[in-house]
Amino acid sequence: MKKYLILIIAGILNIITGYSQDGKEQIPFLQNTTISGEWFLGFGYNDYTEISAFYLKRGYFTIRTKINDVFSVRYTQDITTDTEGSDMGNVEMRLKYLLLKVNLINNDLLKNSYLEFGLVHRPWLCYEQSITGYRVQGKMYTDRYNLLSSADFGVTYSGLLGGEMNQEYKDRVSSYFPGRYGSFSFGIYNGGGYHALEKNNNKIIEGRLSVRPLPDKIPGFQLSYSFSYGNSNTALNNAKYRLNIFHLSSLSKNHKLMIQYYQGTGGHGDDYTDSDGFSYQNKGYSGFAEIMIPGTSFSLFSRYDKFISYQDTKQIQNTFIAGITYRFLRNKVLLNFDQNENRGIYTRIYELALEINF
């Protein structure tokens, strides 16, 4: 046992120091590697269940290694609380991203684009989250109603349109997807998301196109369209999955505004299919606003969702969210109220949440 333990320790030391046992220098493990994390913690009271609790909302631990100017890899562990089965209540870890990124820098036409292979980003949710910045409060619109997943097994091609915005805009407003005339992302995926097994032979085609029409006059204004096309991740082959999102957003150092309209058929899983595998029609919309309070680190935010699913009887959900946020360093703490009305049943959550980035 001691022999195996010594070999394991020696192997770890070789990786960290970058030297093999025969003295030949290897690529140092830490030379081009960054480690980061993002934690969402909270304390809340649910007036429907009449339960209050401290909890882990989500946690991410990421390792990125740059191999050279073209190739890099990413590993992200998703940390959450199990809410189902015999392990309910345990904090569990699962993979969110495990990918090879290829920067296409050797072609002038493609130099602001890249490919991802493996367990990768899907085109829409990472973009929407970069606009609002409030994943700590809860899921984005299409994720909340189980229409879409943020990550999946597949391949993604993403890039910027027309070069990049200037450094002042990236520093003061947003450095995410900073294409001067917009950005794009397209890919092919299993379809069920990073937390589901593939249940059929169908693959999902998904894409996003965002356009910044007036980069000099209104640099924070963008129009976006996103789609998904394929079948739901069920064993029944007739479960169609169609998703269309039309999205407008406006960003500045003083505000964030967003509105989106959704129309589609089915969902990425089996939430919106009947017993024969036929998919329901759905539609809805969502609006978000955040206003920064001048001269302070505080801001006010609010969001309203409406979601309609045309099942045997029309199912309607209305969600209202509002709160106040305090930012410090790269972190934020917020006090928020979340009310969901589903078929006449109201669920209200009062919450204090903390986002930690390192």
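Each reported figure results from applying straightforward, stated rules to the coordinates on display, with no laboratory input. Fair warning: this is a prediction, and the values are worked out from it, not measured in the lab. Backbone-built Cβ (ideal geometry, glycine too); neighbour counts: all protein chains shown.
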Within the chain, helix-based [θ] at 222 nm, where runs of 4 or more DSSP H residues each add -39,500 (n - 2.57), nearest 500: -2500 deg cm²/dmol
L104-N244 FRET efficiency (beta carbon distance; Förster radius 22 Å; 0.05 resolution): 0.20
Qualifying GluC sites (Glu not before Pro) in segment 33-114, DSSP loop, other Cβ atoms within 10 Å at most 10: E50, E84
P(r) tail fraction, the chain - alpha-carbon pairs more than 39 Å apart, %: 19
Between segment 190-216 and segment 310-358, the Cα center-to-center distance that results, in Å: 25
Mean Cα-pair separation over length for segment 73-171, i.e. relative contact order, pairs under 8 Å, 6 or more apart, %: 24
Calculated FRET efficiency for the pair Q31/Y310, C-beta based, R₀ 41 Å, to 0.05: 0.15
Lysines with Cα under 25 Å of K240, excluding same-chain neighbours fewer than 8 positions away: K139, K199, K203, K283, K306, K314
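Show me the trypsin sites (Lys or Arg not before Pro) within segment 307-343 that DSSP assigns to loop and that have at most 11 other Cβ atoms within 10 Å of their Cβ.
Here the trypsin sites (Lys or Arg not before Pro) that fit, given the DSSP loop and packing criteria, are R330, R343.
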Net length gained if the chain between V73 and Y55 were fully extended (0.36 nm per residue, minus Cα distance): 3.4 nm
Dipole magnitude (debye, nearest 20) for segment 57-177, charges at Cβ of Lys, Arg, Asp, Glu: 160
Fully extended contour minus Cα-Cα distance, from L214 to N166, at 0.36 nm per residue: 15.9 nm
Over the chain, relative contact order from alpha-carbon pairs under 8 Å, at least 6 apart, %: 12
GNM top mover of K203, K111, K57 - the chain, alpha-carbon springs below 10 Å: K111
Candidates G133, G159, G207: whichever shows maximal mean-square fluctuation once the chain is modelled as a Gaussian network with Cα springs under 10 Å: G133
Where Cα atoms sit under 18 Å apart: lysine pairs in segment 27-131 separated by 8 or more or lying on different chains: 4
